[in-house]
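Please treat every number below as a calculation from the coordinates, not as lab data. Note that the structure is predicted; figures quoted are calculated from it, not measured. Quick reminder, even Gly has a Cβ in these numbers, built from the backbone with ideal geometry, and neighbours come from all protein chains shown.
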């Protein structure tokens, strides 16, 4: 008789499956929240800055990277949270809030319009600012905790 991951032959697999589905639902709910937040942020920034440069996506990605750095360090150093809560916040909320697909599309559209300098600067700023924001978030937590 095979023993499941939680110790029993029949109940373990069923319980593990229920825990997995609960985590999937948490991530899905978080993703919806993050996507709505990104949409609202993009709308506010578009109204403030106008068209011509993808400021909303850039802001969402930098803010999301900063938040991920903060959460990753908190979960690693200080905050004990269940896996489904961690997954809901990181893969869900922040995964829905940040958007590599929109970044890719906006870059491709700039290239198609022959806006090579805009595409290059957007790519460079996105990568450098997002990785920098992630490290900044981690550093903030390390200095507080």
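The modelled label-to-label distance between residue 108 and residue 33, using points 7 Å beyond Cα along the C-beta direction, is 3.1 nm. Helical content of the chain, expressed as a calculated mean residue ellipticity at 222 nm, amounts to -26000 deg cm²/dmol (DSSP H runs of 4 or more residues, -39,500 (n - 2.57) each, divided by residue number, nearest 500).
In this calculation the C-beta distance from residue 15 to residue 78 is compared with R0 = 25 Å, giving a FRET efficiency of 0.30. You can think of it this way: the chain between residue 46 and residue 144 has 31.8 nm of extra reach, that is 0.36 nm per residue less the Cα-Cα gap. Once the gyration tensor of the Cα atoms in the chain is diagonalised, the equivalent ellipsoid follows with semi-axes of 37, 19, 13 Å, ordered largest first. In terms of the ratio Rg/(2.2 N^0.38 Å) built on C-alpha atoms, what value belongs to the stretch 79-121? That ratio works out to 1.78. Computed from the alpha carbon positions, the gyration tensor of the stretch 33-86 leads to an equivalent ellipsoid with semi-axes of 30, 12, 6 Å, biggest first. In this simple spin-label approximation, residue 131 and residue 24 carry label points 7 Å from Cα along the Cα→Cβ vector, and these lie 3.5 nm apart.
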